[in-house]
Structures are given as structure tokens and as C-alpha cells.
Amino acid sequence: MRIARYTAFAVAALIFASSSIVNASPVSVIYDPASGNLSLDSPSRSVTTFEAKSAGNLFIPANVAPGVIAPPFDLITPAKLFKLSAGAGAYNSIDFGNVLPGGLGGDAIAADMSISGSLTPDGSGNNALDAGGLDIVVVPEPSSILLVGFGLMALLGLRRRS
């Protein structure tokens, strides 16, 4: 009985913590380690410029999603991803495609990347997209989620036997 209560509390705390982390900043950069997919989500304000620089030349230009990069201003090289969409072209979400190698962790992404840009003006004077207004979200691997699920089922099974 006590184990089930602690487990329920831990799961609730984990869900609350993860949801508060994701919603703490106006912009989330989302990386999926299973595919290498990189996307951007900004529900409250539109993004006008986005620049990500990779110190380790991690970007894979050949894998960019069709139509995302529109020269002459937009570009992707192994060291840099830049997207300009000012005015009516500003966006709240964008999927860049599988432009990063798979299997990287959140710490590796944060250590390698420097991200900057700008948001549509909102009257606050703070239109910069920088570390203060940015979350890097790494999608959990399905195997990790399965492991947690099996652990919870085992704990519940132990409770029933007692």
C-alpha cells in the first residue's frame, strides 16, 4: 500500500515537473533522438529569425524537410542552420526534418549548439530568442517509457501479493 502511494506521488511529480519545464519558456526546440528530427514550437509568439550553430558540425543538410529552407536568406550547412521569416511569414512551429544525427542526448545537444533569433514584437521590448526564452526538449526514447511502465506494473503486482 505504501509503495503504491509513493509510486503514484513520484509519477505525479514527474508529470508536473516535465510539463512545467516544457512550458516555462515561450519557445521549445524539440529533438527526437530516434530519428534526428529537429523542430521548433512557439505557441505564444511567432518566430521571425532562428539560428542554430553547431560547434561539432552536426547538421545534415541533405536531410532538411522539403520547402523549409528558401534561399537566398535561409541556409543549412554542417555548422549552421538559419531561417528568416519576417512579417507575415513568421511561424509558431516548424519541422526542420532529420537534420541531426540520431542518438544524441540533451546534454550533448546543449553543449554543442548555440541558438539565437528573434520573436515578433509584443510591446515588452524583449524580442530576442536566447537561452532565457528557450527550452531544449529531448523526446524520450520509447524503450525508456516502456521500462518505467514495466516497473510500475511490477510494483503494483507486489502490492497485490502482499
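Tabulated data for the structure shown
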| item | result |
| --- | --- |
| Debye, to nearest 20: dipole size of the range 26-139, +1 on Lys, Arg Cβ, -1 on Asp, Glu Cβ | 220 debye |
| Exposure proxy order (Cβ contacts within 10 Å, fewest to most) of 84, 129, 119 | 84, 119, 129 |
| Footprinting exposure proxy for 113, 153 (fewest neighbouring C-beta atoms within 10 Å first) | 153, 113 |
| FRET efficiency, residue 139 to residue 75 (Cβ-Cβ, R0 22 Å, nearest 0.05) | 0.30 |
| Amide H contacts under 5 Å for residue 46, placed H, 5+ residues apart | 120 |
| Length added when fully stretched, residue 120-residue 53, from 0.36 nm per residue minus Cα-Cα | 22.0 nm |
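Values quoted throughout were computed directly from the atomic coordinates according to the rules given, and no laboratory measurement underlies them. Computed from a predicted structure; not experimentally measured. When we count neighbours, we look across all protein chains shown, and the Cβ atoms used for this are built from the backbone with ideal geometry, even at glycine.
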